[in-house]
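As structure tokens, the structure follows; a few thoughts come after it.
None of the figures in this text is laboratory data; all of them are computed from the coordinates on show. Here the structure is a predicted model, which means the values were calculated and not measured. Here the Cβ positions follow ideal geometry from the backbone for every residue, glycine too, while neighbour counts run over all protein chains shown.
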Amino acid sequence: MISENNSQQEKVVESNPSLESEINSARINALELKLETLSIITESLWNLLEDSELDSRSDLKGEMAKVISDRAERDTITVHCPACDSQEKANSGYCRHCGEKLSYSGEISPFDY
Ligand SMILES: [Zn+2]
């Protein structure tokens, strides 16, 4: 049922270039915001690491493995888009199908939105 709805919506989007353009523009804006946030977080973490007693070379690989595992776990949480009812990852912030902002009341990492 959900995949039929998605398929119908994709046809509507494909036959409407201005709607497709609007959705792509919203996606690009969301990506730019995400990149900016990521850049700020990375610089902040780097500053904290430089000020700490930790050896960044020895701790980085282990921490990366933990982050990958934590993200995979967070990616399994889904919510329904309020506009098109498609099932979306809770941490994605915006619906992949219609661009609607998603809300999730659970805990979200600063890296997710
Ligand atoms: Zn949607």
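Based on the alpha-carbon gyration tensor of segment 21-84 and its eigenvalue square roots a ≥ b ≥ c, which shape applies: rounded if a/c is under 1.5, prolate if not and a/b is larger than b/c, or oblate?
Oblate, because a/c is 1.5 or more while a/b does not exceed b/c.
Using a Förster radius of 35 Å, what is the FRET efficiency between ASP59 and ARG96 based on their Cβ-Cβ separation? Nearest 0.05, please.
E between ASP59 and ARG96, to the nearest 0.05, is 0.50.
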